[in-house]
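Accompanying notes for the structure given below.
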Amino acid sequence: MMLKAGPSAEPLLLTADSNLEFFKYYRVNVESMGKVVAIVSSPRAKGNSMAIVNSVIDGAMGLSTNMIVLHSLHTMLIHGCNACMACKTKNCCIIEDELTNVLEDIKDADGLVISAPVYFDGPCAQYKMFEDRLFSFMAADGSIKMTPGKKVVIVVTCGGPKERGQKVCDHIADTFRMLGAEIVGTIVFSDEGGSKTADSCDDIIDQAKELGKTFRTNYREYDPHYHGPKQ
Ligand SMILES: Cc1cc2nc3c(=O)[nH]c(=O)nc-3n(C[C@H](O)[C@H](O)[C@H](O)COP(=O)(O)O)c2cc1C
């Protein structure tokens, strides 16, 4: 059996002699581990999107065996799509920048958490650059090159009435549905002109954690009578 400690970490091989103390009280099938990729496009590192996305991740982890990768687009040097159409003949976007790894990570993800704040009635520019580069998952004939059925949770934050956030959320949902993904939940949060924050809204945080549980591929059930695999 094989455990991955993180996206870039060397796989950790567990052998018969390995210390299985960690798994002692949990029934676990490591083979069914899932990968969840979270995208935060807000430039506010401690903003509403980050608080909600972190709570979705909390829910996704629990005691499950998921691997989580979080990408904060704001910290990356990324380009928008340059409409070169190379992705129609090659199998990927040929622009080489910090978004390259993000697109690569998405390929084998089972779940995605996609977030964006509303700026001028649309998603912020960082999200839009990311979204346009998803064009590389569409073939010349319009067919989709992304593995179908990825589970997606969408998080949209805004400052005005929630309907504005909902519009952006619907747009993001349409994009991912077109790419063959399944939208399993959405959260639209308004900070009401900056008068409140997501991390202080228990209902939003609880809703986010609950949605995150959708990603649990293999919840480890606590069982005090289980003492690990038979020797
Ligand atoms: C440049 C800019 C434009 C914005 N435009 C809108 C808007 O059109 N509609 C709206 O409801 N909120 C707008 N907002 C408010 C943000 O969407 C809101 O504060 C959101 O909760 C921020 O989320 P974050 O903390 O995840 O970045 C704007 C904020 C900025 C900085």
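The values are calculated or read from the model by the stated rules, or taken from the named source; none is laboratory data. All of these numbers come straight from a predicted model, not from anything done at the bench. Quick reminder, even Gly has a Cβ in these numbers, built from the backbone with ideal geometry, and neighbours come from all protein chains shown.
What to note about this one:
- Scanning segment 151-176 for residues that are assigned to a loop (DSSP other than H, G, I, E, B) and either modelled with pLDDT under 95 or among the small types (Gly, Ala, Ser) (or both) yields Gly159, Gly160.
- Residues that are within 13 Å of the ligand (Cβ to nearest atom) and either under 18 Å from the mean Cα position of the chain (by Cα) or small (Gly, Ala, Ser) (or both) within segment 181-200 comprise Ile187, Val188, Phe189, Ser190, Gly193, Gly194, Ser195, Ala198, Ser200, listed in sequence order.
- Of all residues in segment 78-94, those that are of a type in the set (A, V, I, L, M) and closer than 21 Å to Val113 by Cα total 1.
- So Phe176, is it touching a helix residue (DSSP H, G or I) at 6+ places or on another chain (Cβ under 7 Å) and either of a type in the set (Ser, Thr, Tyr) or within 27 Å of Thr75 (Cβ to Cβ) (or both): no
- Any hit, segment 161-176, residues being basic (Lys, Arg) and in contact with an Asp or Glu (Cβ under 9 Å, 6 or more places away or on another chain): yes
- Screening segment 157-180 for residues that are under 16 Å from Lys196 (Cβ atoms) and buried (at least 22 other Cβ atoms within 10 Å of the Cβ) and picking the one that is farthest from the ligand (Cβ to nearest atom) gives Gly165.
- Segment 32-59 residues that are assigned to a helix (DSSP H, G or I), paired with ones that are within 13 Å of the ligand (Cβ to nearest atom) and charged (D, E, K, R) (beta carbon under 8 Å, 6 or more apart): Asn48/Asp191; Asn48/Asp199; Met50/Arg44; Ala51/Asp199
- Within segment 121-156, the set of residues being more than 25 Å from Lys46 (Cα to Cα), crowded, with 17+ Cβ neighbours inside 10 Å and of a type in the set (A, V, I, L, M) comprises Leu134, Met146.
- Qualifying residue in segment 18-27 (condition: away from the ligand (no atom under 16 Å from the Cβ), modelled with pLDDT of 50 or more, more than 29 Å from Cys158 (Cβ to Cβ) and not in a loop (DSSP other than H, G, I, E, B)): no
- Residues in segment 89-129 that are part of a strand (DSSP E or B) and within 16 Å of the ligand (Cβ to nearest atom): Val113, Ile114, Ser115, Ala116, Pro117, Val118, Tyr119, Gly122, Pro123.
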